[in-house]
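Comments concern the structure below.
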Amino acid sequence: MQTSQIPQGEPMESRKWELVEHEPYLPVTERSNPLTRDIDRADSEHIVHLLKACDAEIFHRDWGRLLNQQTLYSKSIVQTLVQLTNKVEDILKDPEESLVVISGCGTSGRLAFLLARSFNGLLKETRKEQVYSYIIAGGDKALLTSQESIEDNPTKGADVLKKMCEGKKHVLYIGISCGLSAPFIAGQLDFCINNLNVFTPAVVGFNLANMARNEPIPSWHLTFRQVIERMEELQKRKKAFIINPVVGPEAISGSSRLKGGSTTKIILETIFLGAHEAVSAYKRITAEDVMDRIRMYEQVHKITYSQSEMIASLVQQAGDSLRKEGHVYYVGWSTLGIMGIIDASECIPTFGADAKDICGFINQGYNEMKNKDGDLTALGPEFCISHMDFVNTILPSVTELDTVIFLFTQDDGLCEIETLANRTKQRTSNLHAISHDLLGSEDLTMLRSAFASVLNITWTTENYAHKKVMQELSTKWILNAVSTGGHILKGKIFRNYMMDLKVTNSKLFKRAVNILQMITGCLPTVCIRALLQAVYDTEDVTDDMTAAEVTKHTTLAPTRSRVVPTALVILTRNCSLSEAKSLLDAYSLIRDAVEACLTVCEGADNTMHHSN
């Protein structure tokens, strides 16, 4: 068996060079990060240290020199941000029959929703026409649950965009696809390109253009890379815009909810905040203004991770709860409540988590969410997200095995927070707070008596809009650490691969094959065959199965459990499907099962080597 050998234990600065040659056949967003090679064996403090180091890569300034790749601080990226800021500014000045559309799938779509909601809110406060709209693949139910199969439909993407923009004369479309891979976004970009009299298309992603996905899309005429190539030509005439800084591989391979989501938020808020301020100040935004905004977010990173010890404590609490079959509940207010809901919704496809493992709740439910489709509670219990839902349906069954984390700021009703905290404390002492800008000693004293711990961060800016986005990003980083670290401690990660991911679309099918290939060294065709055995629950993979479109596999795969781990055991042990299932059943942790299989396999390899 051949596996990639990566130096371990070296300082971050001495290992940057590895990214030049590290897994060059994979797009950057799908590579494993050398920094986190052994994150599955780390304790909570070291997990947070590694996540901090990975998030710091967002702000690297010198990768352009080392890798000949654009960074967030590169002149070309900054200039593109200035140009897009000017486009948004022009729409804000003349909003009639104009629109800014932000679109994405999964995490990207949830961030599109949050950004449209927040910046429309700023316009509403000043009694200006709201110009932002969002699209998420799968509609509003995808804000709370995984609807990732829709990502594979470019025609559906184009149809949704066309319907939304009927009657508009000027539309700035911003499609988010971290890997430059989602067919849903490709279809919308193509539609914009074919209608440049109305649309200005822009795309946000974190691979080089030549790393954009180039596989044929079923029942469509282009690949994502071909769409990007057309945009590259249009960008020369400022008719289209590509924003694709390289920020390095994710801490958990392919988990774009982490750095990809954070960088998306940084980029788009830099554009929108700049445009709003340009309108207010009656002046155009400069490159230096953009750089100042990015430096602001870099400071958010430093301030947030200065609390690493307390973040690690929350990670440990979450890990203990998940290991003992308990739950983690985020109870939040305003946009921090939304950050909690977003983080919770991402755990199901990423870690193969149960919908009840990590849940998010927000004050006033859908009235506070302000999503287009309104109240979705009729769709099922996973769509019940208000504090009242938490009190009525969750709190009665909360025990000491569960972890509850409140998310709020000084601007939220502290009396209401204290009342709900005291009520929750009657069920569990494992109650914690992530708060922002609690300035008065009385407030802190009161809340510290209600919570087992209070992680409070103070922001010095007087600018309300700036403070709000800083609070959100800081909370995102903390919650990402809690949910990622908790699942690592539960044994859901092997090395830095998401072993139990849900194979729900073509991107995730390919990712699963890549993971199997990276760990086993087997040919892709062999990995696909083992994966299909697990998907179809059969010992015999037929020619019809292998010839079928990926969408057929990804429709069936979510109904199976432990698809990728089962395929991996088949490959490493060269065993049958039933034997692989039995071997997995013998271990409570998937990581331990995989480790055991690899140890046996490597031992057999060594025995064979010595006998030869």
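Just so it is clear, none of the values below were taken in a lab; they were calculated from the coordinates. Given the structure is predicted, the values throughout are model-derived calculations rather than measurements. FYI the Cβ positions are ideal-geometry reconstructions off the backbone, even for glycines, and counts take in every protein chain you see.
Quick rundown of the values:
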item: Straight-distance crosslink candidates among lysines, where the alpha carbon sits under 19 Å from residue 236 and sequence neighbours closer than 8 are dropped; result: 75, 87
item: Zone of residue 219's modelled label, taken as backbone nitrogen in segment 153-179 under 19 Å from a point 7 Å along Cα→Cβ; result: 153-163
item: Average Cα contact separation per residue, the chain, under 8 Å, 6 or more apart, as relative contact order %; result: 15
item: Length released on extending from residue 229 to residue 422, taking residue separation times 0.36 nm less the Cα-Cα span; result: 63.7 nm
item: 3J(HN,Hα) from dihedral phi, segment 413-426, Karplus parametrisation 6.51/-1.76/1.60, rounded to Hz, x for glycine, proline; result: x, 5, 5, 4, 4, 5, 4, 5, 5, 5, 5, 5, 5, 5
item: ³J(HN,Hα) computed for each position of segment 214-227 - Karplus, 6.51 cos²θ - 1.76 cosθ + 1.60, integer Hz, glycine/proline x; result: 10, 6, x, 9, x, 6, 9, 9, 9, 9, 4, 5, 5, 5
item: Phi to ³J(HN,Hα) by Karplus 6.51 cos²θ - 1.76 cosθ + 1.60 over segment 499-510, Hz, x for Gly, Pro; result: 5, 10, 5, 7, 8, 10, 7, 5, 4, 6, 5, 5
item: Spin-label zone in segment 247-263 - amide nitrogen under 12 Å from a point set 7 Å from the Cα of residue 75 along the C-beta vector; result: none
item: Positive minus negative residues near residue 578 (Lys, Arg vs Asp, Glu; Cβ under 11 Å); result: -3
item: Radius 11 Å from Cβ of residue 324, net charge of other residues (Lys, Arg +1; Asp, Glu -1); result: -2
item: Inter-site label distance for residue 556 and residue 599 at 7 Å from Cα along Cβ, in nm; result: 3.4
item: Label-point gap, in nm, between residue 210 and residue 195 - each point 7 angstrom along Cα→Cβ; result: 3.4
item: Estimated FRET transfer efficiency (residue 282, residue 526; beta-carbon r; R0 60 Å; 0.05); result: 0.40
item: For log10 I(q)/I(0) by the Debye sum over Cα atoms at q = 0.06 Å⁻¹, calculated from these coordinates, the label among [x] -0.73; [y] -0.79; [z] -0.30; result: [z]
item: Net length gained if the chain between residue 86 and residue 463 were fully extended (0.36 nm per residue, minus Cα distance); result: 133.6 nm
item: Packing-based ranking, highest mean first, of 295-306, 102-113 given that Cβ atoms within 10 Å are counted; result: 102-113, 295-306
item: Structure-based [θ]222 nm, the chain - -39500 (n - 2.57) summed over DSSP H runs of at least 4, per residue, nearest 500; result: -15500 deg cm²/dmol
item: Listed peptides 160-166, 385-391, 211-217 by packing density, highest first (mean Cβ within 10 Å); result: 385-391, 211-217, 160-166
item: Computed lengthening from residue 537 to residue 391, 0.36 nm per intervening residue step minus Cα-Cα distance; result: 48.5 nm
item: FRET efficiency, 1/(1 + (r/R0)^6) with R0 35 Å, evaluated for residue 292 and residue 444 via beta carbons; result: 0.65
item: Per-peptide average of other Cβ atoms within 10 Å, ordering 484-497, 29-42, 278-291 highest first; result: 484-497, 29-42, 278-291
